[in-house]
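Each reported figure results from applying straightforward, stated rules to the coordinates on display, with no laboratory input. Given the structure is predicted, the values throughout are model-derived calculations rather than measurements. No Cβ is skipped: glycine too gets one built from the backbone with ideal geometry, and neighbour counts run over all protein chains shown.
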Amino acid sequence: MFEISFPELIILAVVALLVLGPERLPRAAQFAGLWVRRARAHWHAVKTDFERELADDELRKSLEATRSALKEAQASLNESIDEVDAVARSASASSDVKSEVNKDEAAPASDRHDERRDG
């Protein structure tokens, strides 16, 4: 974390022993350990919050991507439905025309048949 080598730690311990003395050094080490623990706990809390927010952001992006894909699929489906409706209307119109043509062809044939009997 601090990138301190072992010889640097020994020098730091000797200086602390000279400055604080043997009586106050254990209490100072305990106090320093307490603050290091608190700093690590706060750092861990910040890191956890950041990771949670990052995960929420990624989840939000994934949700938006899914929503847009769903909208595209819905639009494609609506276009397909419109095309099928158009084909159905066209088929219905052509069958109406065929039935009209068949009626027109059937009516003169029966009239001709009646005329032959009369004649």
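What are the chymotrypsin sites (Phe, Trp or Tyr not before Pro) within segment 1-96 that DSSP puts in a loop, where the Cβ has at most 10 other Cβ atoms within 10 Å?
Phe2
Under a Cβ-Cβ cut-off of 15 Å, what is the net charge of the residues other than Leu77 that fall near it, where Lys and Arg count +1 and Asp and Glu count -1?
Net charge around Leu77: -4.
If a paramagnetic tag sat 7 Å from the Cα of Ala13 along the Cα-Cβ line, which residues of segment 24-66 would have the backbone N under 17 Å from that point?
Output list for this probe position: 24-33.
In nm, what is the difference between 0.36 nm times the number of residues separating Ile4 and Asp82 and their Cα-Cα distance?
On the way: separation 78, 0.36 × 78 = 28.08 nm, distance 7.21 nm.
So the chain would gain 20.9 nm between Ile4 and Asp82.
How much net charge surrounds Leu63 when only other residues with a Cβ under 12 Å from its Cβ are counted (Lys, Arg +1; Asp, Glu -1)?
Summing Lys and Arg as +1 and Asp and Glu as -1 gives -1.
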